[in-house]
1. When the Karplus curve 6.51 cos²θ - 1.76 cosθ + 1.60 is applied with θ = phi - 60°, which whole-Hz ³J(HN,Hα) does each residue of region 12-28 get, with x for Gly and Pro?
2. Quick query: amide H of THR49 versus all other amide H atoms, modeled in the peptide plane; which residues come in under 5 Å with a sequence gap of 5 or more or a different chain?
3. Distance between the C-alpha centers of region 45-103 and region 2-40? Whole Å please.
4. Using 24 Å as the Cα-Cα cut-off, could you pick out the over-long pairs in LYS147/LYS196; LYS152/LYS196; LYS27/LYS90?
5. With charges set only on the Cβ (+1 for Lys and Arg, -1 for Asp and Glu), what does the dipole of region 2-93 come to about its Cα centre, in debye to the nearest 20?
6. Let me check against my output: what whole-number percent is the relative contact order of region 2-93, with C-alpha pairs under 8 Å and at least 6 apart?
7. Does region 28-123 come out rounded, prolate or oblate by the C-alpha gyration tensor, with a ≥ b ≥ c the root eigenvalues, rounded set by a/c under 1.5 and, if not, prolate when a/b is larger than b/c and oblate if not?
8. Would you please put 148-154, 80-86 in order of how densely packed they are, using the mean number of other Cβ atoms within 10 angstrom per residue and starting with the highest?
Amino acid sequence: MQTVTKKLSDLQRPEKNVRLHGDRQIKEYIRSIEMFGQIRPIVIDETNTILAGNGLFQALQQMGRDSADCCVVDNLTANQKKKLMLVDNKIFELGVNDSNVFDELLRELGSDIDIPGYDEELLKALTANAAQADEILNSYGNLSEEKVSEIKTAQPRTPQPQQQPITPPQATSPTEPSEPTQSLQRFVTCPKCGEKIWL
């Protein structure tokens, strides 16, 4: 294996990719690259097809980068390439965080908890002392003036459709045992889809 710099325009996305990369993940990838640079290579085969690192590739593209560090893996069979794509995604999932070490690292970071991939508000809550935790809990559920104003000026909800009695359909086959029926059944009509909802 060798690591080389390749133009992003020369790289090809695989025909099938197991991992889906949402907007939030790509945004966090970009934050990570901005903080630390490209810390791992994109893995490609001899045809420049990406075997591992599609999310990283996407992030670099969105950042307007024109090249990336790539690790070239050649002489793999078609099946080995597919296995490599599966391995890259699965083995990472098998690990678990050591919560004690995680807490220790957060304490060592102090107030510097801008970490790509993590919600900063959640990290603040995890690192809060007793007084800060009380403040977070006491502010929970409080609405801003803007939100209160928005609620006050909101349009009233559409009234519920009137219930309409109907007679249930009669059994058509004389051989089927008759079931006890109510003389009236009630339903409402869904205002969005028009379906009848039986009550």
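A short reminder: the numbers here are calculations on the coordinates, not readings from a lab. In this text the structure is predicted, and so the values were computed from the model without any measurement. Backbone-built Cβ (ideal geometry, glycine too); neighbour counts: all protein chains shown.
1. 10, 6, x, 4, 10, 10, 5, 8, 8, 10, x, 4, 5, 5, 5, 4, 6
2. The answer is GLN12.
3. 8
4. Details: LYS147/LYS196 35 Å; LYS152/LYS196 32 Å; LYS27/LYS90 22 Å.
Exceeds cut-off: LYS147/LYS196; LYS152/LYS196.
5. 240
6. Values: 116 pairs, mean separation 37.2, N = 92.
Here the relative contact order equals 40 percent.
7. Taking the square roots of the gyration eigenvalues as a ≥ b ≥ c, region 28-123 is oblate.
8. Working: 148-154: 9.1, 80-86: 15.0.
Top to bottom by mean Cβ count within 10 Å: 80-86, 148-154.
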